[in-house]
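The values are calculated or read from the model by the stated rules, or taken from the named source; none is laboratory data. Remember, it's a predicted structure, so these values are computed and weren't measured experimentally. Just so you know, the surface numbers come from the protein's heavy atoms only, side chains and all, with ligands and any DNA or RNA stripped out. Shrake-Rupley method; radii C 1.70, N 1.55, O 1.52, S 1.80 Å.
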Amino acid sequence: MTIDTTSPAAGVALFRSLGDPTRLGIIQRLAHGEARVTDLVSDLGLAQSTISAHLACLRDCHLVTSRAAGRQVFYALAYPELLDFLRAAEALLALTGEQVTLCPNYGSQTVQSRRATV
């Protein structure tokens, strides 16, 4: 099966995979080097089950890799290009200022409102 990477669906899937604060935090932590689940739990202050679930998502999307070393599993970014992508996103956010945060569909106030109603 061939996936059309020029399709909007591929881009949407990529952005959704990075669109969760926990997954983005994991990616940002892995930018500094590989880590075990226990390292991520300590660094991000989240439950082991939460970290593991988000790592599974990132692994399924082929954004992170894992390698076993004895009884430990180390996670790392699958592609260094992901860091370039995040740097470009940071540059774009710097250009847009607060406008993305104030976006009526996806801004922080909208996200907080949606969480309050769930």
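How many residues are open to solvent by less than 70 Å² (accessible area, probe 1.4 Å) and at pLDDT 85 or above if we restrict to the range 86-118? Matching residues across the range 86-118 total 5.
Going through (1) closer than 16 Å to residue 15 by Cα; (2) open to solvent by 60 Å² or more (accessible area, probe 1.4 Å); (3) in a helix (DSSP H, G or I) one by one, residue 79 falls short only on (3). Within the range 58-88, being within 13 Å of the chain's Cα centre (by Cα) and of a type in the set (D, E, K, R) holds for 59, 60.
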